[in-house]
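Asks: Before I ask anything, here is the structure I am working with.
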Amino acid sequence: MTSLERLQALEREHLVPAYARLPVAFVRGEGARLWDADGEEYLDFQTGLAVTSLGHGHPAVVTAIREQAGRLLHVGNLFYSEPGMQLARRLADSSLGGKVHFANSGTEANEAALKLARKARPKGTVVSLHRGFHGRTYGSLSATPQEAKQAPFAPLVPGFRAVAPTAEAVGGAVDERTAAVIIEPVQGESGVHVLDDELLRAAREACDRHGAALIFDEVQCGLGRTGTLWAYEDAGVVPDLLTSAKALANGLPIGALVCSPRYADVFEPGDHGSTFAGGPVACAAALAVLDVVSDPGLLASVRTLGARLAEGLAALPRVIEVRGRGLMLACELDGGGAPELVRRALREQRLVLNATGPATLRLLPPLTIGADEVDDALARLRAVL
Ligand SMILES: Cc1ncc(COP(=O)(O)O)c(C=O)c1O
């Protein structure tokens with residue numbers, strides 16, 4: 001029995017079958033490279049779904065984790081600890097000002113945003129967009145209008161309404177009963193759709209007019225992924241509440257909600273919380289991540305290499321459309337077959353990427369890659385296409 005077969009047998013017997021795993025077990029990573037148990041090397045253009053944005057084993061992150069883990073792992077939120085307080089300051093200073101509430105994941109950060117918005121406008125409704133994805137817990141799922149994900153878990157949280165991702169639809173959906181509009185400025189799970197600046201502006205204006213909170217979910221598109229620290233910078237539309245997770249600690253679980261000054265003191269002690277949230281190790285890692293992703297040189301490289309990757313993708317056979325910004329890209333394939341292509345890329349070319357639909361490939365490489373790795377990935381993809 002190979003080590004992969006052993007793991008597959010364990011999974012069959014002991015794990016709830018909630019994931020469709022690809023047949024590989026990674027044991028080690030460095031930069032954009034991964035290795036399996038047989039020593040085979042892979043090129044990672046998936047980063048655990050936009051999580052290991054600084055690549056595997058980034059020295060600054062590893063050092064921060066090692067040092068903090070050796071000093072103190074956990075105290076909980078009934079006490080103070082340095083990394084969480086420092087990280088809150090860094091996150092707020094880099095975005096909305098105001099204050100931060102920590103969570104452990106993207107869905108929990110959104111859950112906090114939705115609860116906070118409803119506390120600010122009791123019994124208020126929430127408007128979300130078609131193609132949006134905000135997570136799997138009940139509040140976030142209720143804002144994720146996808147039949148297949150919602151239907152088995154009905155009834156969902158009341159008071160949620162989804163509209164088409166257009167300026168008119170969003171503008172028309174907000175009134176004085178609306179607590180929040182929740183939007184991914186660049187929609188990730190639906191296959192990388194960059195929303196129009198006009199739509200974001202319409203949402204901002206409608207929220208201002210009716211006193212609703214504009215929530216930007218930057219769980220996937222934030223932290224340098226699109227070439228600016230926060231995706232909203234590109235459109236110049238500033239939200240009231242901003243959520244982050246995924247890449248924030250480069251692989252350790254963490255989520256954060258940044259509240260603009262207007263919303264900074266809506267939660268009071270006892271309103272919301274989570275045992276592990278804001279733990280010192282994850283926060284120490286996140287401080288190291290922020291140092292790296294705030295570097296203008298890195299952000300410029302994300303834009304340059306993103307353009308190189310997009311251009312290369314557009315020139316590949318069967319690619320009929322390329323979407324995205326920075327190093328958050330997707331391409332549409334003539335004739336479909338994206339999930340099978342992902343399997344072949346993994347098996348035949350040792351290239352790791354993912355499919356978000358029957359005809360859609362998504363590429364989320366580390367932000368720290370070089371031009372040679374972009375060209376290498378394109379050559380591997382060309383070989384399977
Ligand atoms: C935009 C967005 N929001 C929220 C989530 C949920 O994050 P998590 O899986 O950490 O709960 C995701 C995950 O893919 C996401 O892409």
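Asks: Filter segment 64-85 for residues that are charged (D, E, K, R) and within 22 Å of His272 (Cα to Cα) and give the result. Write out each step before concluding.
Replies: Narrowing segment 64-85 to residues charged (D, E, K, R): 66-67, 71, 82.
Glu82, the sole residue that qualifies.
Asks: Let me ask something else. Just to be sure I understand, how many residues within segment 63-114 are within 16 Å of the ligand (Cβ to nearest atom) and in a helix (DSSP H, G or I)?
Replies: So the answer is 9.
Asks: Quick one: which of Gln146, Gln86, Gln150 is surrounded by fewer than 19 Cβ atoms within 10 Å (Cβ to Cβ) and within 28 Å of Val281 (Cα to Cα)?
Replies: Values: Gln146 fails: within 28 Å of Val281 (Cα to Cα); Gln150 fails: within 28 Å of Val281 (Cα to Cα).
Checking each option against the conditions leaves just Gln86.
Asks: Any chance segment 196-203 includes a residue that's surrounded by fewer than 24 Cβ atoms within 10 Å (Cβ to Cβ), within 15 Å of the ligand (Cβ to nearest atom) and within 21 Å of the chain's Cα centre (by Cα)? Steps first, please.
Replies: Of all residues in segment 196-203, those surrounded by fewer than 24 Cβ atoms within 10 Å (Cβ to Cβ) come to 196-199, 201-202.
Filter once more, so that each one left must be within 15 Å of the ligand (Cβ to nearest atom): none.
No.
Asks: Any idea which of (1) of a type in the set (Val, Ile, Thr); (2) farther than 17 Å from His134 by Cα; (3) touching a Pro at 6+ places or on another chain (Cβ under 7 Å) is the one Ile215 doesn't satisfy?
Replies: (2)
Asks: Then there's this: Checking the condition buried (at least 22 other Cβ atoms within 10 Å of the Cβ) and within 21 Å of Gly227 (Cβ to Cβ), which residue from Ala314, Ala286, Ala300, Ala310 passes?
Replies: Values: Ala314 fails: buried (at least 22 other Cβ atoms within 10 Å of the Cβ); Ala300 fails: buried (at least 22 other Cβ atoms within 10 Å of the Cβ); Ala310 fails: buried (at least 22 other Cβ atoms within 10 Å of the Cβ).
Exactly one of Ala314, Ala286, Ala300, Ala310 is buried (at least 22 other Cβ atoms within 10 Å of the Cβ) and within 21 Å of Gly227 (Cβ to Cβ), namely Ala286.
Asks: Return the residues of segment 232-247 that are within 10 Å of the ligand (Cβ to nearest atom) and aliphatic (A, V, I, L, M); say none if nothing qualifies. Give the steps one after another, and end with the answer.
Replies: Step one: of segment 232-247, the residues within 10 Å of the ligand (Cβ to nearest atom) are 243-246.
If the condition is that a residue be within 10 Å of the ligand (Cβ to nearest atom) and aliphatic (A, V, I, L, M), then Ala245 is the only one that fits.
Asks: Now for a separate question. In segment 237-280, what residues are β-branched (Val, Ile, Thr) and over 30 Å from Ala69 (Cβ atoms)? Talk me through it step by step, then tell me what you get.
Replies: Here is the first cut: in segment 237-280, the residues β-branched (Val, Ile, Thr) are 237-238, 243, 254, 258, 266, 275.
Matches in segment 237-280: Val237, Val238, Val266.
Asks: Being surrounded by fewer than 21 Cβ atoms within 10 Å (Cβ to Cβ) and aromatic (Phe, Trp, Tyr): is that true of Phe216 here?
Replies: Values: surrounded by fewer than 21 Cβ atoms within 10 Å (Cβ to Cβ): no; aromatic (Phe, Trp, Tyr): yes.
No, not satisfied.
Asks: Among the numbered criteria (1) within 30 Å of Ala359 (Cα to Cα); (2) touching a Cys at 6+ places or on another chain (Cβ under 7 Å); (3) more than 15 Å from the ligand (Cβ to nearest atom), which one does Leu214 miss?
Replies: (1)
Asks: If Ala314 meets every condition in (1) closer than 30 Å to Phe79 by Cβ; (2) aliphatic (A, V, I, L, M); (3) free of Cβ contacts under 8 Å to residues at least 24 places away in the same chain apart from one, which number is that one?
Replies: (1)
Asks: I would also like to ask the following. Is it fair to say Val163 is surrounded by fewer than 20 Cβ atoms within 10 Å (Cβ to Cβ), of a type in the set (Val, Ile, Thr) and over 28 Å from Asp234 (Cβ atoms)?
Replies: On the way: surrounded by fewer than 20 Cβ atoms within 10 Å (Cβ to Cβ): yes; of a type in the set (Val, Ile, Thr): yes; over 28 Å from Asp234 (Cβ atoms): no.
Here the answer is no, as Val163 does not meet what is asked.
Asks: On to the next question. Can you name every residue in segment 29-76 that is surrounded by 13 or more Cβ atoms within 10 Å (Cβ to Cβ), free of Cβ contacts under 8 Å to residues at least 60 places away in the same chain and at positive phi?
Replies: Gly57
Asks: Can you pull out the helices (runs of 4 or more DSSP H) entirely within segment 266-385 that have at least 2 residues that are β-branched (Val, Ile, Thr)?
Replies: Details: elements: 280-293, 296-314, 338-349, 371-384.
Counting at least 2 such residues, we get 280-293, 296-314, 371-384.
Values quoted throughout were computed directly from the atomic coordinates according to the rules given, and no laboratory measurement underlies them. None of these values were measured; they are calculated from a predicted model. All Cβ positions, even for glycine, are placed from backbone atoms using ideal geometry, and neighbour counts span all protein chains on display.
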